[in-house]
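Participant: Quick one: this structure, given as structure tokens, is what I'll be asking you about.
Each value in this text was obtained by applying a stated rule to the coordinates, not by laboratory testing. Source: prediction; values computed, not measured. FYI the Cβ positions are ideal-geometry reconstructions off the backbone, even for glycines, and counts take in every protein chain you see.
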Amino acid sequence: MGSNRDAVQLGALTGTTPEMVPVRRRASRPGAALNVEQAVTEDLGVFLRASLNDGGKKAYEFTEINRSVAVGLSHKGTRWNHPDNVVGLAFVDNHLSRAAQTYFSAGGIGILIGDGALRYRPEQIVETYYSAVLGKGFTGTFDYQFISNPAYNRDRGPVSIYSARIHYEF
């Protein structure tokens, strides 16, 4: 696993873009996560999720997020005669560590981000979804996300993402 700092230093010494391959070594990337979910009523639930990890090393398992907080709620459709349907709303605030910001600002490339022109600002997301039972074993979910500063770059976005999913259980 490569160190962001080592990659930036090597790039500065050689006059090249930071690259992780030459600075890889055996290392760990500690972190912690918290997930709290609470039913407020029979139909209304709230949640809080928070995570923190060592942002000094390259992400290799999911995406580049070093600190994140998400809060939201979900509401079952009992009031509109669809008790198995759910509507949800969430707010997410994602951050990069200083070491990761420096790496991406210097031109480093990550799993999903990096274009050599990072002007850092936290990534913020508002997400809403509706999940509906479509028939025996079938569920359909429609989702919308509004993302400010996608990939932590204040020069990008905002963007809107629409998605749909069909799930079948047998």
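Participant: Anyone know which of VAL71, VAL126, VAL40 comes out most mobile in the 10 Å Cα GNM of the chain?
Facilitator: VAL40
Participant: Under the rule of at least 5 residues apart or a separate chain, name every residue whose amide H is placed under 5 Å from the amide H of ARG119.
Facilitator: Amide H to amide H, under 5 Å and 5 or more residues apart or across chains, ARG119 pairs with ARG154, ASP155.
Participant: Starting from the Cα of SER163, step 7 Å along the direction of its Cβ; do the same at VAL87; then give the gap between the two resulting points in nm.
Facilitator: Result: 2.1 nm between the two label points.
Participant: Here is a further query. Spelling out what I want: for every residue of region 83-98, take phi, set θ = phi - 60°, compute 6.51 cos²θ - 1.76 cosθ + 1.60 (Karplus), and round to whole Hz; glycine and proline get x.
Facilitator: For region 83-98, the Karplus-derived couplings read x, 8, 8, 9, 10, x, 9, 9, 10, 10, 10, 10, 9, 9, 6, 4 Hz, x marking Gly and Pro.
Participant: When the dipole is taken about the Cα centre of the chain, and only Lys, Arg (+1) and Asp, Glu (-1) are charged at their Cβ, what size is it in debye, to the nearest 20? Spell out each step's value before the answer.
Facilitator: Numbers: 18 positive and 16 negative charges, 119 e Å.
Using Cβ point charges on Lys, Arg, Asp and Glu, the chain gives about 580 debye.
Participant: Please enumerate, by chain and number, the aspartates and glutamates with C-alpha under 15 Å from the C-alpha of LYS57, excluding those fewer than 8 residues away in the same chain.
Facilitator: LYS57 reaches ASP6, GLU19.
Participant: Still on this structure, I have one more. Through the Karplus equation 6.51 cos²θ - 1.76 cosθ + 1.60, θ set to phi - 60°, convert the phi angles of region 134-141 into ³J(HN,Hα) values in whole Hz; use x for Gly and Pro.
Facilitator: These are the phi-based 3J(HN,Hα) values: 9, x, 4, x, 9, 10, x, 10 Hz.
Participant: Moving on to the next point. Rounded to the nearest 0.05, what FRET efficiency do LEU73 and LEU112 have when you use their Cβ-Cβ distance and R0 = 45 Å?
Facilitator: The value I calculate is 0.95.
Participant: Sticking with the crude label model, points 7 Å out along Cα→Cβ, report the distance from PHE138 to ARG121 in nm, one decimal please.
Facilitator: Between PHE138 and ARG121, the label points sit 4.3 nm apart.
Participant: Could you tally the net charge around GLU42, taking each other residue with its Cβ under 12 Å from the Cβ of GLU42, Lys/Arg +1 and Asp/Glu -1?
Facilitator: Neighbourhood net charge equals +1.
Participant: List the trypsin sites (Lys or Arg not before Pro) within region 89-170 that DSSP assigns to loop and that have no more than 16 neighbouring Cβ atoms inside 10 Å.
Facilitator: ARG119, LYS136, ARG154
Participant: Would you mind counting up the charge near TYR103? Only other residues with Cβ under 9 Å from its Cβ, with Lys and Arg at +1 and Asp and Glu at -1.
Facilitator: +2
Participant: Then there is this: Match the structure shown to one of the listed values [x] 9.4; [y] 12.0; [z] 16.7 of mean projected area of the Cα convex hull in nm², computed from it, and give that label.
Facilitator: Recomputing mean projected area of the Cα convex hull in nm² here picks out [y].
Participant: Now for a separate question. For region 62-112 and region 114-170, compute the distance between their C-alpha centroids and round to whole Å.
Facilitator: Their Cα centres are 9 Å away from one another.
Participant: Same structure, new question: Taking 8 Å as the Cα distance limit and 6 or more residues as the minimum spacing, I'd like the relative contact order of the chain as a percentage.
Facilitator: Details: 403 pairs, mean separation 27.0, N = 170.
Dividing the mean separation by the residue count of the chain yields 16 percent.
Participant: Using the charge dipole of region 31-168 (Lys, Arg: +1 at Cβ; Asp, Glu: -1 at Cβ; taken about the Cα centre), state which of ILE113, ASN66, ALA32 has its Cα farthest towards the positive end.
Facilitator: Going by the Cα projections, it comes out as ILE113.
Participant: Out of THR102, THR78, VAL159, whose Cα points farthest toward the positive end of the dipole of region 50-170 (charges: +1 Lys, Arg; -1 Asp, Glu; placed on Cβ)?
Facilitator: Positive-most Cα among the choices belongs to THR102.
Participant: Could you calculate the FRET efficiency of LEU44 with ASP155 from 1/(1 + (r/R0)^6), where r is the beta carbon distance between them and R0 is 45 Å, rounded to 0.05?
Facilitator: Here the calculated transfer efficiency is 0.70.
Participant: Anyone know which of ILE111, ILE147, ILE125 comes out most mobile in the 10 Å Cα GNM of the chain?
Facilitator: ILE111
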